[in-house]
Amino acid sequence: MAKLDILEFPDPRLRTKAEPVTVFDGALRHLVADMLETMYAAPGVGLAATQVNVHRQVLVADMSDEHDQPLVLVNPCILESDGTQVFQEGCLSFPGLFADVERAMRVKVSAQDIDGKPFEVEAEGPLAVCMQHEMDHLIGKLFVDHLSTLKRTMLLKRMEKKRRQSA
Ligand code: GNR
Ligand code: NI
């Protein structure tokens, strides 16, 4: 396994739309193992392949304290969503940036596992936030895109200032 580099905003590659996975082979297993290692090391609760510059529809997540409940979703698709929640989000591609984002409270997602077998998963609360955040990455969408222009500009300026100070 290897830890992968995570692309950081404003890298334009974060805007790439991922292609569906069609081949469920050793290379996919390898990618997923590396993504899990990268997510746990970061540390983060989710990671989309887009963030490690692989433009395939693959995401991993693990909200457990023990880091022992990895979720792997290949070709995920939201079947149903309802309700709303506001949750303070962060993103490994935006170090040090946090903002409240409104998303669906519940989602029902269809996906394939690492062997290509279809399954469905229903999530609510923080896990639902995480899945929506990761699925956004796979279409090149970032959590700051959900903010008002004013708020986004302010937060990105603040992040840029911090980055300059620590450089
Ligand atoms: O580690 C992460 N934490 C997090 C917190 C609140 C809402 C979403 C997330 S996902 C983020 C990891 C990441 O950037 N995934 O793309
Ligand atoms: Ni993210």
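The table that follows gives values for the structure above.
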read-out	value
Count of residues meeting criterion [assigned to a strand (DSSP E or B) and more than 16 Å from ligand 2 (Cβ to nearest atom)] in the range 57-87	11
Subset of the range 114-141 [within 13 Å of ligand 1 (Cβ to nearest atom) and in contact with a Ser or Thr (Cβ under 7 Å, 6 or more places away or on another chain)]	H137, L138, G140
Set M159, M135: member being at pLDDT below 95, under 20 Å from the mean Cα position of the chain (by Cα), closer than 26 Å to D11 by Cα and of a type in the set (A, V, I, L, M, F, W, C)	M159
Scope the range 106-126; condition in contact (Cβ under 8 Å) with a residue 24 or more places away in the chain and surrounded by fewer than 20 Cβ atoms within 10 Å (Cβ to Cβ); matching residues	R106, K108, S110, D113, I114, D115, G116, E120, V121, G125, P126
When residues of the range 36-66 are limited to those that are over 21 Å from P12 (Cα atoms) and more than 12 Å from ligand 1 (Cβ to nearest atom), the one surrounded by the most Cβ atoms within 10 Å (Cβ to Cβ)	L36
For Q57: the one exception among (1) closer than 19 Å to A123 by Cβ; (2) out of contact with any Pro (no Cβ under 6 Å at 6 or more places or on another chain); (3) of a type outside the set (G, A, S)	(2)
Residue in the range 8-16 that is out of contact with any His (no Cβ under 8 Å at 6 or more places or on another chain) and of a type in the set (F, W, Y) present	yes
Hits in the range 20-35 (condition: surrounded by fewer than 13 Cβ atoms within 10 Å (Cβ to Cβ) and within 16 Å of E134 (Cβ to Cβ))	P20
Residue within the range 118-125 that is more than 16 Å from ligand 2 (Cβ to nearest atom), of a type in the set (F, W, Y) and touching an Asp or Glu at 6+ places or on another chain (Cβ under 9 Å) present	yes
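The values are calculated or read from the model by the stated rules, or taken from the named source; none is laboratory data. The model shown is predicted, which means the values in this text are computed figures rather than measured ones. Neighbour counts run over all protein chains shown; Cβ positions are idealised from the backbone, glycine included.
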